[in-house]
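All remarks here apply to the structure that follows.
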């Protein structure tokens, strides 16, 4: 059974440097320049969006926060720097019955600044505290060292499982890591 869909106020997440704001179609204007970079598709095989309207249409589908079949929550947040509200990327969580998968995209201009790690920590805590999610996974391309590093810092560990050629990583709570 899916958890209840939280309202927008309950979905806002703040970190030291970021505001994670529920993503809407209106965010396309700010995120198109971030997403319109061929380097972002290096490990996903995705090509840059053709124009801002393509991004807006995709975000409008996500804004429903439910899959078309209604069997998953599609939760997405725009990552905005707190100091200037600049959009630097987005994070997402797909919450199904018994599974939760997370993913992050940070623009190349904003990479290597710890934004994926900071947002990932906050997202996992929010999923645990707000939706009572017990198991969180991420699928990461085996050659994507930057995402692997962020995943490790967030508390995810690689498994021997694969999903569409990517390594499945599982969240391991800090208490079980011996810290």
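The values are calculated or read from the model by the stated rules, or taken from the named source; none is laboratory data. This one's a predicted model, so the numbers in the text were calculated from it and none came from an experiment. Note: ideal-geometry Cβ built from the backbone for every residue, glycine included; neighbour counts use all protein chains shown.
Scanning the range 113-137 for residues that are surrounded by fewer than 16 Cβ atoms within 10 Å (Cβ to Cβ), at pLDDT below 95 and not in a helix (DSSP H, G or I) turns up 132, 134, 135. Looking at the structure I just gave you, is residue 140 under 18 Å from residue 14 (Cα atoms), touching a helix residue (DSSP H, G or I) at 6+ places or on another chain (Cβ under 7 Å), crowded, with 19+ Cβ neighbours inside 10 Å and touching a residue at least 12 places away in the same chain (Cβ under 8 Å)? In short, no. Can you find a residue in the range 86-109 that is in a strand (DSSP E or B), modelled with pLDDT of 95 or more, at positive phi and surrounded by 18 or more Cβ atoms within 10 Å (Cβ to Cβ)? Checking the range 86-109: at least one residue is in a strand (DSSP E or B), modelled with pLDDT of 95 or more, at positive phi and surrounded by 18 or more Cβ atoms within 10 Å (Cβ to Cβ). Within the range 1-28, the set of residues being part of a helix (DSSP H, G or I), in contact (Cβ under 8 Å) with a residue 60 or more places away in the chain and loosely packed, with under 14 Cβ neighbours inside 10 Å comprises just one member, 10. In the range 39-50, is there at least one residue being buried (at least 16 other Cβ atoms within 10 Å of the Cβ) and under 14 Å from residue 88 (Cβ atoms)? Yes; the residues of the range 39-50 include at least one that is buried (at least 16 other Cβ atoms within 10 Å of the Cβ) and under 14 Å from residue 88 (Cβ atoms).
Once the range 51-71 is narrowed to residues that are touching a residue at least 40 places away in the same chain (Cβ under 8 Å) and surrounded by 13 or more Cβ atoms within 10 Å (Cβ to Cβ), the residue that is farthest from residue 3 (Cα to Cα) is 63.
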